Amino acid sequence: MEQFLQNLFGQNNILVYISMAVPPLIFMIAFALAAVYMERKVSAHMQDRLGPMLTGWHGVIQTVADIVKLLQKEDIIPAAADRKLFILAPFVTFIGSYAAYACIPFSSQYVGSSISLGLFFIIAISSLVSVGLLMAGWGSNNKYSLYGAIRSVAQIISYEIPTVLVILTIVILAGTIDLQAIVTAQGGWFWNWYIFGGPGGWEKLILLPLMLISFIIYYVTSLAETNRTPFDIPEAESELVAGYHTEYSGMRFAFFFLSEYANMFAVSAIAASLFFGGWQSPFGDSIPFLNTPVMQFAWFLLKGLFFIFVQMWLRWTLPRLRVDQLMYVCWKVLIPFAFVNLLAVALYVVLK
Amino acid sequence: MPEIKSEEIIVNMGPQHPSTHGVLRLEVKLDGEIVVDAIPHLGYLHRCFEKHCEAMTYPQIIPYTDRMDYVAAMSMEFGYVEACEKLMDIKVPERVQYIRVIMAELQRIASHMVAIGTYGNDIGAFTPFLFYFRDREKVLELFEITCGARLLYNYMWIGGLSHDIPHNFIEKTRDFVKYFRPIIDEVNNLLVYNKIFVERTANIGILPADVAINTGASGPVLRGSGVKFDLRKDDPYSIYNRFDFDVCIGTGEQGTVGDCWDRNKVRCDEMVESLKIITQALDQMPEGDITETLPKRIKPPIGEVYTRTETPKGEIGYYIISDGSTSPLRVKVRPPCFVNLSILPYITRGYLIADLVAILGSLDIVLGEIDR
């Protein structure tokens with residue numbers, strides 16, 4: 001697609017970059033609207049309620065109405081706040097989550113920027129989110145916000161280690177850190193997905209339990225990185241009111257919200273791309289219609305949404321962990337497992 | 001290496017905070033995440049209940065007692081009318097006794113539902129909260145068809161009741177008992193035996209039995225510490241000695257006796273026992289009148305009386321002094337939550353902020369009754 005655009009507008013035309021960058025933004029906003037609605041409906045049905053029913057058919061435009069409401073709200077900046085940090089924080093957070101979309105392959109024809117360091121870039125840039133949260137917590141000059149921010153940063157930084165360790169297992173198997181190349185390598189039938197050991201002969205059966213462990217660790221850490229239950233202690237409502245965004249209102253609050261939901265999809269999309277073949281159809285090329293670019297996007301969306309559904313499912317079922325238990329899970333359970341797992345996969349690749 | 005300077009932070013939790021269960025203000029001294037001290041500040045909901053009583057006639061006070069523990073208004077009324085009847089030395093008809101017991105036990109179930117539900121919410125699980133609120137609705141509906149009110153009933157009157165139960169009440173209550181019994185197990189599976197919930201509440205906020213007795217704790221807080229004391233059994237009032245039920249105590253099943261998990265589990269078990277009492281009372285209930293004949297102006301003889309009854313939160317005592325006029329000279333209330341809350345500073349020290357919320361939730365306080 002980049003090639004096509006360059007032919008259209010000419011080499012290195014600014015329009016090429018803009019038209020490559022805009023689709024993820026539109027997708028992100030549309031997705032956040034849909035996901036908020038989805039979360040409401042999923043939680044409502046799990047709790048024997050109906051959820052939003054009045055705004056539009058079954059309340060489908062409820063989130064749009066909420067955005068309109070948030071736009072009208074007074075923009076309050078506390079007198080004692082650090083104005084610069086306070087204003088900047090939502091945007092830093094938002095940029096962190098938006099930039100991660102640049103390297104997510106939406107289909108075989110579209111990836112925002114097909115740099116060969118894709119995975120590395122995503123891991124690096126998504127850390128920007130924690131900078132934004134710390135800015136928000138510190139800038140608000142509120143004790144609850146500060147506690148939320150400190151918790152959040154401690155949590156995100158800790159959980160990045162097991163995340164990277166399990167991502168490395170895939171990188172070792174695929175031999176590349178270009179996300180598009182990793183997805184392309186999983187072509188064909190669904191047993192070529194990395195959750196089933198990736199492409200290869202019968203010897204890959206050894207990998208099955210290892211990849212399952214990898215996936216479970218990745219999924220748990222992704223919950224922690226996006227501050228979802230049972231790891232939602234940075235914004236633990238019953239303890240810290242709303243954590244780092246206690247003092248935010250109106251559109252600034254909406255930006256945090258948007259960024260949170262965008263992050264949810266980003267981690268789910270990475271889970272789908274790494275372990276479940278990304279945009280690959282489960283039937284490979286045996287049903288050609290299901291592997292056209294548009295259908296690829298649909299598969300990708302379906303897989304991503306499934307993981308988001310599981311995230312919501314967990315959120316409305318489980319209670320919340322405590323700070324020390326959260327750190328215990330990370331440092332004493334996930335990291336040792338991830339390390340052993342990484343060594344085992346490396347050993348497999350060497351011996352094969 | 002220079003010492004890193006660190007200082008304690010004082011955080012005001014409340015009066016507007018999601019998990020202080022009302023307008024309680026906690027002055028929390030924190031060392032990082034660790035609670036150094038937590039001092040409750042009361043009085044945001046103070047309405048001069050005891051002073052008001054001096055200006056009211058005896059029946060007029062009943063609606064005020066409702067507004068103390070508004071989550072368990074029936075139990076509050078029950079204690080007050082018991083006191084007045086003892087003061088006047090009246091014996092109420094059998095049928096009234098049975099209806100009162102049924103109402104009080106239904107109220108106990110409703111109150112424990114709120115307690116367990118909001119406790120789950122404090123720990124971070126939102127769904128059990130809504131499950132229990134859905135079913136609490138069914139209890140409130142039973143109250144509604146009986147006396148028209150859903151929260152503050154003014155149902156138990158001195159010497160009787162405001163209304164008899166409607167014709168379909170017994171049938172509906174039986175349906176509720178049948179429906180609700182499995183729900184308790186469902187929520188226990190979903191919340192109480194959940195691994196994360198156990199991790200969060202077991203071995204947290206341990207209240208030893210001797211401390212509990214010395215501080216005067218009562219209700220599930222006392223029984224959670226393993227003390228088998230329930231006024232319905234140990235000092236039976238009304239007709240509680242006719243029913244067969246167990247007193248549930250904390251056993252330290254998941255941790256230590258007297259931790260948050262035990263206190264919560266006692267409430268779960270008590271709901272089962274209440275269902276037993278309701279079933280027995282429905283079976284035994286006689287036909288008859290629902291009011292004792294009383295003079296229009298209630299004038300108890302000169303004297304004083306103290307009665308104590310078991311509300312869902314613990315022991316409520318009414319100390320009434322009568323000077324022979326239509327209004328009492330003094331009404332003193334011994335509230336359960338107020339006493340239970342006084343334990344908070346002793347059992348929170350050294351725990352984390354998240355535990356503070358867990359401990360506060362396990363005490364199951366209602367501010368309307370603490371501040372009065």
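Where in the range B:180-254 are there helices (runs of 4 or more DSSP H), lying fully within it, with 2 or more residues that are within 18 Å of the chain's Cα centre (by Cα) and either among the charged types (D, E, K, R) or at negative phi (or both)?
In the range B:180-254, the matching helices (runs of 4 or more DSSP H) lie at B:209-215, B:220-224, B:231-234.
Quick one: what pairs do we get from the range A:315-343, first residue without any contact (Cβ under 8 Å) to a residue 40 or more places away in the chain, second part of a helix (DSSP H, G or I), C-beta under 8 Å, 6+ apart or different chains?
Within 8 Å, the pairs are A:Q325/B:E199; A:Q325/B:R200.
From A:V16, A:V22, A:V60, grab the single residue that is crowded, with 16+ Cβ neighbours inside 10 Å, among the aliphatic types (A, V, I, L, M), free of Cβ contacts under 8 Å to residues at least 40 places away in the same chain and away from every other protein chain (no Cβ under 14 Å).
Answer to the selection: A:V16.
Filter the range B:163-172 for residues that are surrounded by fewer than 21 Cβ atoms within 10 Å (Cβ to Cβ) and closer than 22 Å to B:I277 by Cβ and give the result.
Listed by number, the residues that qualify are B:H163, B:D164, B:P166, B:N168, B:F169, B:I170, B:E171, B:K172.
Just one of B:K172, B:K228 is closer than 23 Å to B:E253 by Cβ, away from chain A (no Cβ under 14 Å) and either touching an Asp or Glu at 6+ places or on another chain (Cβ under 6 Å) or not aromatic (F, W, Y) (or both); which is it?
B:K228
Being more than 14 Å from chain A (Cβ to nearest Cβ), among the hydrophobic types (A, V, I, L, M, F, W, C), surrounded by 24 or more Cβ atoms within 10 Å (Cβ to Cβ) and over 24 Å from B:Y306 (Cβ atoms) is the requirement here; does B:I102 meet it?
Yes, satisfied.
So if I check each of B:A354, B:A358, which one is assigned to a helix (DSSP H, G or I), within 14 Å of chain A (Cβ to nearest Cβ) and at pLDDT below 85?
So the residue among B:A354, B:A358 that is assigned to a helix (DSSP H, G or I), within 14 Å of chain A (Cβ to nearest Cβ) and at pLDDT below 85 is B:A354.
Quick check on this structure: which one of B:V305, B:V221 is surrounded by 21 or more Cβ atoms within 10 Å (Cβ to Cβ), of a type in the set (V, I, T), touching a residue at least 60 places away in the same chain (Cβ under 8 Å) and in contact with a Leu (Cβ under 9 Å, 6 or more places away or on another chain)?
Unique residue meeting the criteria: B:V221.
Could you please let me know if B:I165 is in a helix (DSSP H, G or I), β-branched (V, I, T) and away from chain A (no Cβ under 14 Å)?
It is false that B:I165 is in a helix (DSSP H, G or I), β-branched (V, I, T) and away from chain A (no Cβ under 14 Å).
Identify, please: which residue in the range B:144-162 is crowded, with 21+ Cβ neighbours inside 10 Å and either over 23 Å from B:E82 (Cβ atoms) or hydrophobic (A, V, I, L, M, F, W, C) (or both) and is, among those, farthest from the other protein chains (Cβ to nearest Cβ)?
Among those that are crowded, with 21+ Cβ neighbours inside 10 Å and either over 23 Å from B:E82 (Cβ atoms) or hydrophobic (A, V, I, L, M, F, W, C) (or both), it is B:I158.
Just to be sure before I move on: is B:L191 within 14 Å of chain A (Cβ to nearest Cβ) and either crowded, with 22+ Cβ neighbours inside 10 Å or touching a Leu at 6+ places or on another chain (Cβ under 9 Å) (or both) in the structure I sent?
Answer is yes for this residue.
So that you can scan it fast, the table gives a plain yes or no per residue for (1) in contact with a Pro (Cβ under 7 Å, 6 or more places away or on another chain); (2) small (G, A, S); (3) at pLDDT 85 or above:
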site: B:K228; (1), (2), (3): no, no, yes
site: B:L231; (1), (2), (3): no, no, yes
site: B:N241; (1), (2), (3): no, no, yes
site: B:G250; (1), (2), (3): no, yes, no
site: B:D262; (1), (2), (3): no, no, yes
site: B:E273; (1), (2), (3): no, no, yes
site: B:G288; (1), (2), (3): yes, yes, no
site: B:I316; (1), (2), (3): yes, no, yes
site: B:I320; (1), (2), (3): yes, no, yes
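Could you check B:E270 against (1) assigned to a helix (DSSP H, G or I); (2) more than 21 Å from the chain's Cα centre (by Cα) and say which number it fails?
(2)
What number goes with the only condition from (1) under 16 Å from A:I270 (Cα atoms); (2) out of contact with any strand residue (DSSP E or B) (no Cβ under 9 Å at 6 or more places or on another chain); (3) touching a residue at least 60 places away in the same chain (Cβ under 8 Å); (4) surrounded by fewer than 19 Cβ atoms within 10 Å (Cβ to Cβ) that A:I170 does not pass?
(4)
Among the numbered criteria (1) more than 14 Å from chain A (Cβ to nearest Cβ); (2) aliphatic (A, V, I, L, M); (3) more than 16 Å from B:L360 (Cα to Cα), which single criterion is violated by B:A212?
(3) is the only condition that B:A212 fails.
Give the range B:322-351 a look and list any residue that's part of a loop (DSSP other than H, G, I, E, B) and either away from chain A (no Cβ under 14 Å) or at positive phi (or both), or say none.
B:D323, B:G324, B:S325, B:T326, B:S327, B:P328, B:L329, B:P335, B:S342, B:I343, B:R349, B:G350
Condition test on A:A32, is it at pLDDT 80 or above, touching a Leu at 6+ places or on another chain (Cβ under 8 Å) and small (G, A, S)?
yes
Report yes if some residue within the range B:69-85 is assigned to a helix (DSSP H, G or I) and more than 19 Å from the chain's Cα centre (by Cα); otherwise report no.
Yes, the range B:69-85 contains at least one residue that is assigned to a helix (DSSP H, G or I) and more than 19 Å from the chain's Cα centre (by Cα).
Only residues that are within 12 Å of chain A (Cβ to nearest Cβ) and part of a strand (DSSP E or B): list them for the range B:1-25, please.
B:I9, B:I10, B:V11, B:N12, B:M13
Let me confirm something: among A:A149, A:A100, which residue is buried (at least 23 other Cβ atoms within 10 Å of the Cβ), within 14 Å of another protein chain (Cβ to nearest Cβ) and either of a type in the set (D, E, K, R) or part of a helix (DSSP H, G or I) (or both)?
A:A149
Residue by residue, here is whether (1) in a helix (DSSP H, G or I); (2) at pLDDT 85 or above; (3) closer than 30 Å to A:N142 by Cα holds:
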site	(1), (2), (3)
A:M251	yes, no, yes
A:A254	yes, no, yes
A:A272	yes, yes, no
A:M295	yes, no, no
A:K303	yes, yes, no
A:W331	yes, yes, yes
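When the residues of the range A:134-146 are narrowed to those that are under 10 Å from A:P78 (Cα atoms) and crowded, with 24+ Cβ neighbours inside 10 Å, which ends up farthest from the other protein chains (Cβ to nearest Cβ)?
A:G139
Output the residue which, of all residues in the range A:173-211 that are among the polar types (S, T, N, Q) and either touching a Ser or Thr at 6+ places or on another chain (Cβ under 9 Å) or surrounded by 21 or more Cβ atoms within 10 Å (Cβ to Cβ) (or both), is farthest from A:V349 (Cα to Cα).
Among those residues, the one meeting the criterion is A:Q180.
Any residue at all in the range B:120-136 that is buried (at least 21 other Cβ atoms within 10 Å of the Cβ), more than 14 Å from chain A (Cβ to nearest Cβ), assigned to a helix (DSSP H, G or I) and out of contact with any strand residue (DSSP E or B) (no Cβ under 7 Å at 6 or more places or on another chain)?
no
For the range B:8-47, enumerate the residues that are in contact (Cβ under 8 Å) with a residue 40 or more places away in the chain and at positive phi.
B:H21, B:G22, B:G43
Looking only at the range A:293-322, count how many residues are surrounded by 22 or more Cβ atoms within 10 Å (Cβ to Cβ), within 11 Å of chain B (Cβ to nearest Cβ) and touching a helix residue (DSSP H, G or I) at 6+ places or on another chain (Cβ under 7 Å).
Matching residues across the range A:293-322 total 5.
The values are calculated or read from the model by the stated rules, or taken from the named source; none is laboratory data. As the structure is a prediction and not an experimental result, all values here were calculated from the model. With ideal geometry, Cβ positions are generated from the backbone for all residues, glycine too; neighbour counts draw on all protein chains shown.
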